[in-house]
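The values are calculated or read from the model by the stated rules, or taken from the named source; none is laboratory data. Predicted model only: the values in this text are computed from it and were never measured. Cβ placement follows ideal geometry from the backbone for every residue including glycine, while neighbour counts extend to all protein chains displayed.
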Amino acid sequence: MNQDPTPPGSPQPPPSSASHPGSSPPGSAADASPASDAAIQASPSDPPATELQRLKARQRQARLAAWRKSRQAGRISRTTLRYAVFMCGAGLVALFSMAFAWIAEVALHWNRELTTSTPWLAFVMLPFGLAALRWLTIRYAPQARGSGIPQVIAAVNLPPAGPAQTLLVSFRQQMWKVALTAAGLLAGASIGREGPSVQVGAAAMLSWGRWCHEKLQFRIGFHPNALIAAGAAGGLAAAFNTPLAGVVFAIEELGKGTSVRWDRLVLSGVLTAGFLTLALFGNNPYFAVKVPILALKEAWGPVLLCALFNGVAGGLFAKALGGGVQAMMPAHLREWPGRHPVVVAFLCGVVVALLGWATAGATFGTGYEQAAGLINGEPHGTLWFGVAKLVATVVSYFAGIPGGIFTPALAIGAGLGANVADFVAHVMHPMMEPRVLALVSMAAFLAAATQAPITASVIVMEMTRTQDLTLFLLASALLAAFVSRQFSPHPFYHRVAHVFRREAVALVRKPATA
């Protein structure tokens, strides 16, 4: 029995003309068979078969589109991942800043207890303490001395990810900065923690970005300048509990001449750090104003007088800090402080201790309590608190230890504002709201010292929740900054930043040339 060698289901070859004599080629009129005629005749009367095929095709397309959409929804985009990682780093910066604030508060409390119960102890803690801190700074963290904001400004103007930039925002040195700043507050130096919080935040954020890039293999392209700027401004926002001020600081101070001025990623990181602090500590102002301060039209004259006075004082303050202790000495002795830095720190400690003894301890520490009392109308212990605090802050800075000038500058401004209020009351007539001069002077002196009037006015407005006085604060800050430039043409932070930049470049080149 013969079987068809063609396997079942395989396509049959078309019939050839040889096997079917007389057949026509495909497509000819003779090719039409009765079966095809029946199919053609049945197609108009059988539409459900064609519609069913179309329906199945559409279902397949819908299932394919739904599968693709589900894959897109489940996939994390590159931008989303960048924002998530960046905000996690900003949250860590806020936690670092809050821990630093707690350590500083403990140190201030211990200093207050010791100097109140045993006043003469300040003459031991300050000279020997500042000398020891200066030695430790030189030995272990030379780039951590001073405020910390100039180092950050210098870092964002150096080649990204280079050794010089890394040197200025080294995480290891910033851990030393936290410990040494707290020790300086314990000894009684007139320094603040907010400037160091800026440098610590920048170092923490840069280290976080590099760790994610190297350890977690997140190849999402974080720019080092963006990390530094976000960490620095986030540290300031968390330190003062002022998210808006952190954004303004990033734009006005860190954004000069760099590519991070309007970076949305940077601003989102700053706001994350500030809002996290608000969420943990509540919407509590840094300086609580118990009774609202009235914004009266009659205060414009004294407010402008305060701006002029603080502009002069702040300009001289910035000039003294920028020149250093060498500028205060005769020409033939200007090399001596560089050769004996520990001795200079010891002598600075003696001066700060004498000022604290003369003011009953008012010049020790940040000056937060004195400033808070003055803007709430509480009587100050000494008439010349503002001047004494200014001298103590300059001398503490000359010691070369880690420590900022932000809060001390606010305290100086509050003290000078109280002096102007007393002068107006004696020469002209008593003001109905003298507290406004203490508040306005805080912004005016800070603007004169840093020549960042927008940052100064926004910080004071946000930390005191005195939005009604924004016009007074902004006008006084702008005028004070203008007057300050006549005494110190270059902003203090940027002037010192040039020094740190040259120093970092020289330190990096030295091993290469050795």
Quick check on the stretch 363-372: of everything there that is more than 21 Å from residue 183 (Cβ to Cβ) and touching a helix residue (DSSP H, G or I) at 6+ places or on another chain (Cβ under 7 Å), which residue is surrounded by the most Cβ atoms within 10 Å (Cβ to Cβ)? 371
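Residue-by-condition table, conditions (1) assigned to a loop (DSSP other than H, G, I, E, B); (2) hydroxyl-bearing (Ser, Thr, Tyr); (3) under 30 Å from the mean Cα position of the chain (by Cα):
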position	(1), (2), (3)
291	yes, no, no
299	no, no, no
312	no, no, yes
318	no, no, yes
338	no, no, no
343	no, no, no
372	no, no, yes
Flag if residue 361 is at pLDDT below 95, within 21 Å of residue 107 (Cα to Cα) and not in a loop (DSSP other than H, G, I, E, B): no
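Okay, residues lined up against (1) hydrophobic (A, V, I, L, M, F, W, C); (2) surrounded by 23 or more Cβ atoms within 10 Å (Cβ to Cβ):
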| position | (1), (2) |
| --- | --- |
| 328 | yes, no |
| 334 | no, no |
| 377 | no, no |
| 390 | yes, yes |
| 410 | yes, yes |
Note: among 138, 149, 153, just one is buried (at least 18 other Cβ atoms within 10 Å of the Cβ), in contact with a Lys or Arg (Cβ under 9 Å, 6 or more places away or on another chain) and assigned by TED's automatic domain parsing to the domain that holds residue 209, namely 153
So for the stretch 447-458 (the condition being within 24 Å of the chain's Cα centre (by Cα) and either assigned by TED's automatic domain parsing to the domain that holds residue 240 or surrounded by fewer than 20 Cβ atoms within 10 Å (Cβ to Cβ) (or both)), does at least one residue qualify? yes
Could you identify the single residue in 285, 196 that is in contact with a Lys or Arg (Cβ under 6 Å, 6 or more places away or on another chain) and more than 25 Å from residue 394 (Cβ to Cβ)? 285
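If I filter the stretch 453-490 down to residues being of a type in the set (Ser, Thr, Tyr) and outside any helix (DSSP H, G or I), which single residue comes out as farthest from residue 308 (Cα to Cα)?
Ranking the qualifying residues of the stretch 453-490, first place goes to 466.
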Within the stretch 374-394, can you find the residues that are over 27 Å from the mean Cα position of the chain (by Cα) and β-branched (Val, Ile, Thr)? 382, 387, 391
